[in-house]
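First up is the structure itself, then whatever we jot down about it.
The values are calculated or read from the model by the stated rules, or taken from the named source; none is laboratory data. Predicted model, so just to flag it, every value in this text is computed and none were measured. Here the Cβ positions follow ideal geometry from the backbone for every residue, glycine too, while neighbour counts run over all protein chains shown.
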Amino acid sequence: MALLEAPVIELDSIDSTNNYAMRLIDADKALPGLTITATEQTEGKGQRGRHWADVPGQSLLMSLVMTPQQPLEQQFVFSAMVAVAVAEVLEALYEGWEIKIKWPNDIIVNDKKAGGILIENILRGSNWVYAIVGLGLNILQESFPPELPNATSLKIASSRSFKPQTMRDMLRQNILEALGRKSNAEGTMRLYNEYLFRRSAVQAFSDGRDTWQGIIVKANADGKLLVQLENGSIAQYTHGDVTWKWNG
């Protein structure tokens, strides 16, 4: 079955679409391309166990089940393919947007976070058998609480009301088409780095104790971010080892 012909399951409320996809995989009821969307998530997940908050009906909350064609060592390339596919759709949607990807996989619209990607991989032995591609995208929100000063939505960034279902169909198609093609790691990373947020700019980082600055060079296919430090040396950061300082 072609990926785009796989079913789309629409839910009113669920703990998380990624969890629902995982349960279907565990029950051997998941086809490649299967897509789950929800109007509301009660336990939405972000990177590294963070909670993803949403207002019912105002976000796209979507998970796609894939059987990766890439080798296991290209997990980040797979993630980069998804992020680029999302960026391409948004870039073509509204000319007033500057679309970037904040390392490793946040979606940035006009310098603020509009969405995020969470990919959960299922391995059996050394075989990469499934990837659950979770996407959360702020669409219709008109404001965010003070504790989220760097958040935005498509509506805030354009004054236009895009329909979540329309966004789902466009993004689903581009993601599935991208993942269905034979991957080229070098080409994928070139595109990813063209979208890389604050590339060639000075950015502040923290390890929880110290804060420092460096110039973002690029991301490698292994997922490490290369940063030129003040002494001229190149540091390689793994996601989770350092924290991005938005206003540093």
- Message: Which count do you get for residues in the range 74-104 that are acidic (Asp, Glu) and in contact (Cβ under 8 Å) with a residue 40 or more places away in the chain?
- Response: 1
- Item | Only listed residue being in the same structural domain as ALA38 (by TED's automatic domain parsing) and under 18 Å from LEU179 (Cα atoms), chosen from VAL109, VAL89 | VAL89
- Task: Would you mention how many residues in the range 1-39 are in contact (Cβ under 8 Å) with a residue 12 or more places away in the chain and part of a loop (DSSP other than H, G, I, E, B)?
- Result: 11
- Query: With LEU196, LEU226 as the choices, which residue is among the aliphatic types (A, V, I, L, M) and either crowded, with 19+ Cβ neighbours inside 10 Å or in contact with a Leu (Cβ under 8 Å, 6 or more places away or on another chain) (or both)?
  - Reply: LEU196
- Selected residue [part of a helix (DSSP H, G or I) and either over 15 Å from PHE76 (Cβ atoms) or in the same structural domain as THR37 (by TED's automatic domain parsing) (or both)] from ARG190, ARG198, ARG160: ARG190
- Can you work out which of the residues in the range 199-220 that are surrounded by 16 or more Cβ atoms within 10 Å (Cβ to Cβ) and within 22 Å of the chain's Cα centre (by Cα) is farthest from GLY187 (Cα to Cα)? PHE205
- Within the range 12-26, is there a residue that is closer than 17 Å to LEU135 by Cα, surrounded by fewer than 20 Cβ atoms within 10 Å (Cβ to Cβ) and over 21 Å from the mean Cα position of the chain (by Cα)? yes
- Does ASN247 count as among the polar types (S, T, N, Q) and surrounded by fewer than 19 Cβ atoms within 10 Å (Cβ to Cβ)? yes
- Message: Quick check on the range 171-187: of everything there that is of a type in the set (D, E, K, R) and assigned to a helix (DSSP H, G or I), which residue is surrounded by the most Cβ atoms within 10 Å (Cβ to Cβ)?
- Response: ARG172
- Set ALA114, ALA80, ALA131: member being assigned by TED's automatic domain parsing to the domain that holds ASN19 and part of a helix (DSSP H, G or I): ALA80
- Task: Would you please name the residue that is nearest to ALA21 (Cα to Cα), looking only at residues in the range 39-58 that are modelled with pLDDT under 60 and surrounded by fewer than 16 Cβ atoms within 10 Å (Cβ to Cβ)?
- Result: GLY46
- Find all pairs meeting these conditions: Cβ atoms under 8 angstrom apart; at least six residues apart or on different chains; first residue within the range 221-244 and farther than 22 Å from SER79 by Cβ; second residue acidic (Asp, Glu) and surrounded by fewer than 11 Cβ atoms within 10 Å (Cβ to Cβ). none
- Query: Is it the case that ALA92 is crowded, with 20+ Cβ neighbours inside 10 Å, modelled with pLDDT of 95 or more and not β-branched (Val, Ile, Thr)?
  - Reply: no
